[in-house]
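Working notes, beginning with the structure itself.
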Amino acid sequence: MRTKILIVVNTHLTGVEYHRQLIPHYHLNSHYKDEFEVHQINEIESASDDFLRQFQLIQFSRMVSWNGNSKEVLYRLKKLGIISILDIDDYWELYPGHLLYTAYAKEKISEQTLVSLKNSDHITTTTPFFADLIKRINPYVTVLPNAIDPAQPQFEINPAPSSLTRFGWVGGVCHKEDIKLMENSFKILNSDETLKYKYQLYLMGFSKDDTSGMYQEFENIFTRQLECNDNTYYRIYAANVFSYAQGYNLFDVALAPLTHNLFNNCKSELKMIEAGFMKKAMIVSDVMPYKAIAKPGINCLVIRETNYKSAWYLSMKKLVNNPNLVQDLEEQLHEDIILTYHIDIVNKTRAELYRNLLN
């Protein structure tokens, strides 16, 4: 008899839902179909007991209830004999410079997340570092790294040809403090006459629905000292979670700046994982999420915090002047990533976890 799993997925799909809920469980449903049967709903509070009783395990992301009823929902599941799993991929307290800091405080998101963490039967998360912090709240934690399913069409490697070295950034709207780390370097890069017409910049994530104005600020940083034209800077509009990775095919080197703080140290290595699967070279900040993978000068270039003022420029210049190094870095990163962070590998651990919880 197959185990019936229910995943509770927010209607507003982001990379979190894609990587932590949809793709892992779609894979379980197809590759372990004799063992697991996965169903999906958008919220659990309106579901009847009769509906819920057919499931042996229910998985949530970040928070069990967005209406402040997490404890009540989890108590209900315990009474019904259903195992609850909460997956969390971001630290529950934001730093003051974060775009959502005020909104989180107003809605008491941190407090509600802690209720979900404390009362769920089991927690899954992305890295050992973050898992150690979570264990202070709930000792039952398993690390399931983010993983890529290369069978998904968006992860087809099909790079656009170019004789230039192309640098790209792919990310969400909440990265202003991170993008600012490169501000001075873009100013120097874009005024370096020796590099003129040898590189291009790609900023991905623009949305016509963005009311925050953040991407315009990002663009201003990317184009500092630059007369915007189609030969040097490109604005790439946002894509949905099922197609965004194709953006990596537009450039050669992925940029991954990240400020050093507890919130960011709890993040995952996802940007390096994506770039590795898409065969891209990388320049990354020397912070916790990337330290698990980064081999400076071998599979990426690493920027240390004390060198932020011009180090991004120097690393980009190095790659512009050494295209063979770009190829060496991308090949090595691809080799380092594809085995460890393949969905087939990570889902072996996920399937074993589910078996153990049910027994």
Residues within the stretch 77-123 that are over 27 Å from S48 (Cβ atoms) and assigned to a helix (DSSP H, G or I), tallied: 11
Strands (runs of 3 or more DSSP E) contained entirely in the stretch 248-307, each with at least 2 residues that are under 21 Å from I157 (Cβ atoms) and modelled with pLDDT of 95 or more: 253-256, 281-285
Inter-residue pairs, beta-carbon under 7 Å, first in contact (Cβ under 8 Å) with a residue 60 or more places away in the chain and at negative phi and in the stretch 331-355, second open to solvent by less than 70 Å² (accessible area, probe 1.4 Å) and of a type in the set (S, T, Y), 6+ apart: A351/Y32; L353/T142; Y354/T3
Candidates L314, L358, L353, filtered to the one that is open to solvent by 30 Å² or more (accessible area, probe 1.4 Å), of a type in the set (A, V, I, L, M, F, W, C) and within 27 Å of L28 (Cα to Cα): L358
Residues located in the stretch 67-96, provided they are under 20 Å from the mean Cα position of the chain (by Cα) and surrounded by fewer than 14 Cβ atoms within 10 Å (Cβ to Cβ): Y95
Any hit, the stretch 321-334, residues being assigned to a helix (DSSP H, G or I) and under 18 Å from the mean Cα position of the chain (by Cα): yes
Candidates I338, I343 - the one that is within 19 Å of the chain's Cα centre (by Cα), open to solvent by less than 40 Å² (accessible area, probe 1.4 Å) and among the aliphatic types (A, V, I, L, M): I343
Some residue of the stretch 204-219 being modelled with pLDDT of 95 or more and either assigned to a strand (DSSP E or B) or open to solvent by 60 Å² or more (accessible area, probe 1.4 Å) (or both): no
Complete set of residues in the stretch 24-41 that are part of a helix (DSSP H, G or I) and surrounded by 13 or more Cβ atoms within 10 Å (Cβ to Cβ): P24, H25, Y26, H27, L28, N29, H31
Scope the stretch 42-63; condition under 25 Å from N359 (Cα atoms), surrounded by fewer than 18 Cβ atoms within 10 Å (Cβ to Cβ) and in contact with a strand residue (DSSP E or B) (Cβ under 7 Å, 6 or more places away or on another chain); matching residues: Q54
Top-ranked residue in the stretch 1-23 [being touching a strand residue (DSSP E or B) at 6+ places or on another chain (Cβ under 9 Å) and farther than 26 Å from E72 by Cβ; ranked as most open to solvent (accessible area, probe 1.4 Å)]: R2
The stretch 99-114 residues that are within 24 Å of F218 (Cβ to Cβ), paired with ones that are in a helix (DSSP H, G or I) (beta carbon under 7 Å, 6 or more apart): L99/K176; L99/M214; Y104/S110
Residue list for the stretch 169-203, filter: open to solvent by less than 20 Å² (accessible area, probe 1.4 Å), within 24 Å of V16 (Cα to Cα) and part of a helix (DSSP H, G or I): D178, I179
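The values are calculated or read from the model by the stated rules, or taken from the named source; none is laboratory data. Given the structure is predicted, the values throughout are model-derived calculations rather than measurements. Heads up, the Cβs are rebuilt from the backbone with ideal geometry, glycines too, and the neighbour counts pull from every protein chain shown. Please note that ligands, DNA and RNA were not included when accessible areas were found on the heavy atoms of the full protein model with its side chains. Shrake-Rupley method; radii C 1.70, N 1.55, O 1.52, S 1.80 Å.
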